[in-house]
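What follows is one structure encoded as structure tokens, with my remarks underneath.
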Amino acid sequence: MAPSTYKLAFIGLGVMGDPMAGHLAAAGHGITVFNRTTAKADSWVAAHGGAKAMSPAAAAKGADVVFACVGDDDDVRQVALGQDGAFAAMAAGAVFVDHTTASATLARELAAAAKGRGIGFLDAPVSGGQAGAEGARLTIMVGGEAAVFASAEPVMKAYAKAVTLMGPAGAGQLTKMVNQICIAGLVQGLSEALNFGARAGLDMDKVIDVIAQGAAQSWQMENRAKTMIRGDFDFGFAVDWMRKDLGICRDEADANGAALPVTEIVDGFYGRIHQRGGGRWDTSSLIDLLANPDGGE
Ligand code: NAP
């Protein structure tokens with residue numbers, strides 16, 4: 001079947017899901033969306049066409065591929081297996097692709113539940129943030145069976161620059177954990193550096209332009225450093241989602257014996273940002289603890 005003939009469902013039109021579903025519609029697929037808060041589904045349909053369903057099951061009925069991008073393990077379980085969940089409505093041979101960042105344990109559980117129903121399951125967390133979703137430049141790390149991956153990969157390319165099968169069920173989520181551990185330490189280092197430079201009286205826009213050309217360069221520096229020095233955090237990847245991700249990493253490390261000393265400290269810092277009322281701030285808000293040490297907790 002050619003990708004342009006796919007019938008798709010998309011569950012969860014948040015910061016990430018809304019633009020991802022938009023790219024699928026723009027690629028010419030027939031798409032039915034479900035969002036818990038109905039108003040978001042209404043505005044998505046007004047912008048992109050397609051249809052709105054009132055439950056995950058109603059969206060998934062008759063779909064070749066069902067995508068989800070919700071919050072955490074419990075949310076995925078609910079939209080997949082709960083009352084009016086997608087799995088029960090999916091036909092044998094259909095595929096459920098979970099773009100939520102969740103645990104590897106959940107991925108294995110859902111892969112087994114899907115197999116029992118004759119449907120395919122891929123854990124497919126993403127990296128690249130809101131800008132990556134909007135610009136169709138996400139990196140997708142996938143766990144699952146090769147044949148299932150082959151059927152869904154061409155569809156995911158509508159919003160990805162790279163889609164890679166990492167291994168069996170759970171391998172996508174484990175790869176995303178590696179990604180989040182990298183980011184936690186990196187954002188703290190960037191915060192300390194920018195705060196140091198500002199307190200030293202340097203022109204920080206100029207500093208960033210210069211050092212972004214050298215060995216300190218990173219995605220976080222390119223996409224976040226200038227908003228960090230302005231204290232602008234009202235966008236992007238929410239602190240509370242990062243705390244969820246780092247909790248998943250810490251649980252997995254408890255099981256595999258990996259030490260995560262810096263990640264644990266940074267997780268505590270994100271807890272303090274939450275206490276400041278920054279649960280929905282972008283993860284680059286770590287710098288607020290240094291720039292405003294007495295602020296708000
Ligand atoms: P978001 O803006 O908070 O959107 C979450 C979406 O999930 C909303 O549509 C929400 O519905 C829906 N949802 C949550 N719980 C649900 C439930 N129990 N039943 C039905 N719908 C539910 O989050 P996001 O930033 O798009 O992130 C989504 C996922 O991608 C998270 O796992 C996150 O960790 C991951 N992620 C995010 C980024 C990023 O930069 N934002 C980057 C990589 C990965 P309502 O509209 O009703 O709240």
Point to revise | Relative contact order of the chain, defined on C-alpha pairs under 8 angstrom at six or more residues apart (%) | key: 13 percent
Study note, to complete from the structure: Contact order relative to length for segment 174-291, counting C-alpha pairs under 8 Å separated by 6 or more residues, stands in percent at 39 percent
**Study point:** Zero-based 10 Å bins, Cα pair distances in segment 44-116, whole percents
**Key:** 20, 54, 23, 4
Check your understanding: How compact and how long is segment 127-220, expressed as Rg and Dmax of its alpha-carbon atoms in Å?
Key -> 17.6, 57
Exercise for review: Place the peptides 138-146, 46-54, 196-204 in order of packing, highest mean first, counting for every residue the other Cβ atoms within 10 Å and averaging per peptide.
Suggested key: 138-146, 46-54, 196-204
Exercise for review: At a Cα cut-off below 22 Å, give the lysines reachable from K226, other chains included and same-chain residues fewer than 8 away excluded.
Suggested key: K206
Practice item. Treat each spin label as a single point 7 Å out from the Cα along the C-beta direction, and report the W219 to A26 distance in nm. Key: 1.9 nm
Check your understanding: If Lys and Arg each add +1 and Asp and Glu each add -1, what is the summed charge of the other residues whose beta carbon sits under 12 Å from the beta carbon of A253?
Key -> -4
Review point. Size of the dipole of segment 7-167 about the Cα centre, Lys and Arg at +1 and Asp and Glu at -1 on the beta carbon, nothing else charged, in debye to 20?
Key: 320 debye
Check your understanding: By Kyte-Doolittle mean hydropathy of at least -1.0 and Cα axial length of at least 30 Å, which whole DSSP H helices of the chain are selected?
Key -> 171-199
**Study point:** Under 29 Å from K40, Cα to Cα: lysines that are on another chain or at least 8 residues apart
**Key:** K7, K52, K61, K157, K161, K176, K244
Exercise for review: Please sort by residue number the trypsin sites (Lys or Arg not before Pro) in segment 95-135 whose DSSP state is loop and whose Cβ has at most 15 other Cβ atoms within 10 Å.
Suggested key: R117
Review point. Where does the chain land at 222 nm, in deg cm²/dmol rounded to the nearest 500, when only DSSP H runs of n ≥ 4 count, each adding -39500 (n - 2.57), divided by all residues?
Key: -15500 deg cm²/dmol
Study note, to complete from the structure: For segment 174-291, using Cα atoms only, the Rg and Dmax in Å read 14.4, 45
**Study point:** Portion, in percent, of the accessible area of segment 23-169 that falls on carbon or sulfur, probe 1.4 Å
**Key:** 53 percent
**Study point:** Distance between modelled label sites at L81 and N256, nm, 7 Å Cα→Cβ extension
**Key:** 2.3 nm
Exercise for review: Against the globular-protein guess of 2.2 N^0.38 Å, express the Cα radius of gyration of the chain as a ratio, rounded to two decimals.
Suggested key: 1.04
Practice item. Starting from the Cα gyration tensor of segment 7-167, take the square roots of the eigenvalues, sort them a ≥ b ≥ c, and report rounded, prolate or oblate (rounded when a/c is under 1.5, otherwise prolate if a/b is larger than b/c, else oblate). Key: rounded
Revision key, fill the gap. Segment 270-294 scanned against label point 7 Å out from R230 along Cα→C-beta; backbone N under 15 Å for 282, 285
Exercise for review: Please work out the FRET efficiency for the pair D294 and L202, using the Cβ-Cβ distance as r and a Förster radius of 30 Å; give the result to the nearest 0.05.
Suggested key: 0.80
Revision key, fill the gap. Stretched fully, the stretch from D42 through D74 gains (0.36 nm per residue minus C-alpha distance, one decimal, in nm) 9.0 nm
Review point. Tell me, what is the percent relative contact order of segment 7-167, built from C-alpha pairs under 8 Å that lie six or more residues apart?
Key: 20 percent
**Study point:** Length gained when the stretch A150-R272 is fully extended (0.36 nm per residue, less Cα-Cα span)
**Key:** 39.6 nm
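The values are calculated or read from the model by the stated rules, or taken from the named source; none is laboratory data. From a predicted model like this one, the values you see are computed outputs, not experimental measurements. Backbone-built Cβ (ideal geometry, glycine too); neighbour counts: all protein chains shown. Note: accessible area is taken over every heavy atom of the protein model, side chains too, but ligands, DNA and RNA are not part of it. Shrake-Rupley method; radii C 1.70, N 1.55, O 1.52, S 1.80 Å.
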